[in-house]
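Colleague: Okay, handing you the structure first.
The values are calculated or read from the model by the stated rules, or taken from the named source; none is laboratory data. Being a predicted model, the structure only gives us computed values, none of them experimental. Cβ coordinates were reconstructed from backbone atoms using ideal geometry, including for glycine residues, and neighbour counts include every protein chain displayed.
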Amino acid sequence: MKKITIAIDGFSSCGKSTMAKDLAREIGYIYIDSGAMYRAVTLYSIENGIFQNDRIDTEKLKNLIKDIHISFRLNPETGRPDTYLNGVNVENKIRTMEVSSCVSPIATLDFVREAMVAQQQEMGKAKGIVMDGRDIGTTVFPNAELKIFVTATPEIRAQRRYDELKAKGEEASFDEILENVKQRDYIDQNREVSPLRKASDALLLDNSDLTISQQKEWLAEQFERVIKEKN
Ligand SMILES: Nc1ncnc2c1ncn2[C@@H]1O[C@H](COP(=O)(O)OP(=O)(O)OP(=O)(O)O)[C@@H](O)[C@H]1O
Ligand SMILES: Nc1ccn([C@@H]2O[C@H](COP(=O)(O)O)[C@@H](O)[C@H]2O)c(=O)n1
């Protein structure tokens, strides 16, 4: 059976990775969370004094970008891939509010995007991949056979993220999360390079009123339909 490329884009915290991971596991495809890659570059920038007091030392980051190696390894406990930055597992560190509040400015930088997109295209060159992000259907894999664009109201997305952090026993403020979600959406949609857009051939999914299992079922139906057409 011919494998395809699946691009899942959309707004922050709307459930892209939940859908993408589940589908990839069920159909035996590779799953790549492209947002984790921008988060890893951001963590590196914070830890190496590149992002300080709301300022990015772009020259320093440009010189060091070639030293930033991001990879994914399956975590046998969760059954999901963890993100590694220069060989160190940073899966938890990249999910903090500190990284969330710095990541979108880092993701506006053209040389950062160039480096990430090149790695993402390399990861997907053999197809059989589900990748989620902001520019997967528009820039990374414009020829993907299945493209989805996911959205939900900012309040619902913030509530989901708040519930997730609370369930992990982490301190969280709903207002801070909502503000972060809105701010990232704004920066992501308004940057010059590869802004967040629905690709013209992407299917739109508003999952505000869908459960995780309903959206999973919907995605599986889309996959079945496309794979039948292609084989
Ligand atoms: N339909 C849904 N109903 C309720 N909760 C959901 C739904 N879909 C996802 N979630 C939950 O919402 C939270 C955010 O989901 P997820 O991390 O998949 O979003 P995302 O779009 O990948 O976010 P980000 O852009 O920040 O990477 C998670 O806690 C997830 O379990
Ligand atoms: N393809 C992508 C993916 C992500 N970004 C930026 O990274 C931020 C974090 O992504 P999450 O998916 O983990 O929320 C996101 O807000 C974007 O700024 C991107 O630009 N392109």
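Colleague: Within region 136-182, work out how many residues are over 26 Å from Ala118 (Cα atoms) and assigned to a loop (DSSP other than H, G, I, E, B).
Modeller: Of the residues in region 136-182, the ones over 26 Å from Ala118 (Cα atoms) are 151-182.
From what is left, the residues that are assigned to a loop (DSSP other than H, G, I, E, B) are 152-153, 168-173.
The total comes to 8.
Colleague: Filter region 146-155 down to residues that are of a type outside the set (Ser, Thr, Tyr) and over 25 Å from Ala24 (Cα atoms), then give me how many there are.
Modeller: Looking only at region 146-155, we keep the residues that are of a type outside the set (Ser, Thr, Tyr), and these are 146-150, 152, 154-155.
From what's left, over 25 Å from Ala24 (Cα atoms): 154-155.
Number satisfying all stated conditions: 2.
Colleague: Out of the residues in region 106-117 meeting the condition of being under 15 Å from the mean Cα position of the chain (by Cα) and of a type outside the set (Val, Ile, Thr), tell me which one is nearest to Arg184 (Cα to Cα).
Modeller: Filtering first and then ranking leaves Ala107.
Colleague: Within region 138-156, how many residues are within 10 Å of ligand 2 (Cβ to nearest atom) and in contact (Cβ under 8 Å) with a residue 60 or more places away in the chain? Walk me through it before giving the result.
Modeller: Within region 138-156, the subset within 10 Å of ligand 2 (Cβ to nearest atom) is 138-140.
Then keep just the ones that are in contact (Cβ under 8 Å) with a residue 60 or more places away in the chain; that gives 138, 140.
The total comes to 2.
Colleague: Taking Val130, is it surrounded by 19 or more Cβ atoms within 10 Å (Cβ to Cβ), over 13 Å from Gly35 (Cβ atoms) and of a type in the set (A, V, I, L, M)? Outline the logic, then answer.
Modeller: Numbers: surrounded by 19 or more Cβ atoms within 10 Å (Cβ to Cβ): yes; over 13 Å from Gly35 (Cβ atoms): yes; of a type in the set (A, V, I, L, M): yes.
Against the criterion (surrounded by 19 or more Cβ atoms within 10 Å (Cβ to Cβ), over 13 Å from Gly35 (Cβ atoms) and of a type in the set (A, V, I, L, M)), Val130 qualifies.
Colleague: Could you give every pair whose Cβ atoms fall below 7 Å, whose first residue belongs to region 101-112 and is crowded, with 18+ Cβ neighbours inside 10 Å, and whose second residue is modelled with pLDDT of 95 or more and of a type in the set (Ser, Thr, Tyr), counting only separations of at least 6 or pairs across chains?
Modeller: If the second residue must be modelled with pLDDT of 95 or more and of a type in the set (Ser, Thr, Tyr), the pairs left are Cys102/Thr42; Val103/Tyr38; Val103/Thr42; Ile106/Tyr38; Ile106/Thr42; Ile106/Ser45; Ala107/Tyr38; Leu109/Thr58.
Colleague: What is the residue count in region 182-215 for residues that are among the charged types (D, E, K, R) and closer than 17 Å to Ala7 by Cβ? Break it down into steps so the answer makes sense when it comes.
Modeller: Here is the first cut: in region 182-215, the ones among the charged types (D, E, K, R) are 182, 184-185, 188, 191-192, 197-198, 201, 206, 209.
Within this subset, residues satisfying the condition of being closer than 17 Å to Ala7 by Cβ are 188, 197-198, 201.
Going through region 182-215 one residue at a time, the tally reaches 4.
Colleague: What helices (runs of 4 or more DSSP H), lying completely within region 1-97, carry at least 3 residues that are of a type in the set (A, V, I, L, M) and within 13 Å of ligand 2 (Cβ to nearest atom)?
Modeller: Working: elements: 16-27, 34-47, 58-64.
In region 1-97, 34-47 are the helices (runs of 4 or more DSSP H) which contain 3 or more residues that are of a type in the set (A, V, I, L, M) and within 13 Å of ligand 2 (Cβ to nearest atom).
Colleague: So is Tyr84 at pLDDT 95 or above and under 14 Å from the mean Cα position of the chain (by Cα) or not?
Modeller: On the way: at pLDDT 95 or above: yes; under 14 Å from the mean Cα position of the chain (by Cα): no.
Considered against the rule, which asks whether it is at pLDDT 95 or above and under 14 Å from the mean Cα position of the chain (by Cα), Tyr84 comes out as no.
Colleague: Only one of (1) more than 16 Å from ligand 2 (Cβ to nearest atom); (2) of a type outside the set (Ser, Thr, Tyr); (3) at pLDDT below 95 is not met by Phe174, so which one is it?
Modeller: Looking at each condition in turn, Phe174 falls short on (3).
Colleague: Would you mind stating whether Leu43 is in contact with a Ser or Thr (Cβ under 9 Å, 6 or more places away or on another chain) and within 15 Å of ligand 1 (Cβ to nearest atom)?
Modeller: yes
Colleague: For region 53-68, how many residues are at pLDDT 95 or above, loosely packed, with under 12 Cβ neighbours inside 10 Å and closer than 20 Å to Ser100 by Cα?
Modeller: 1
Yes or no, residue by residue, for (1) away from ligand 1 (no atom under 14 Å from the Cβ); (2) of a type in the set (Val, Ile, Thr):
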residue	(1), (2)
Ser104	no, no
Thr108	yes, yes
Glu114	yes, no
Gln121	yes, no
Gly128	yes, no
Gly133	no, no
Gly137	yes, no
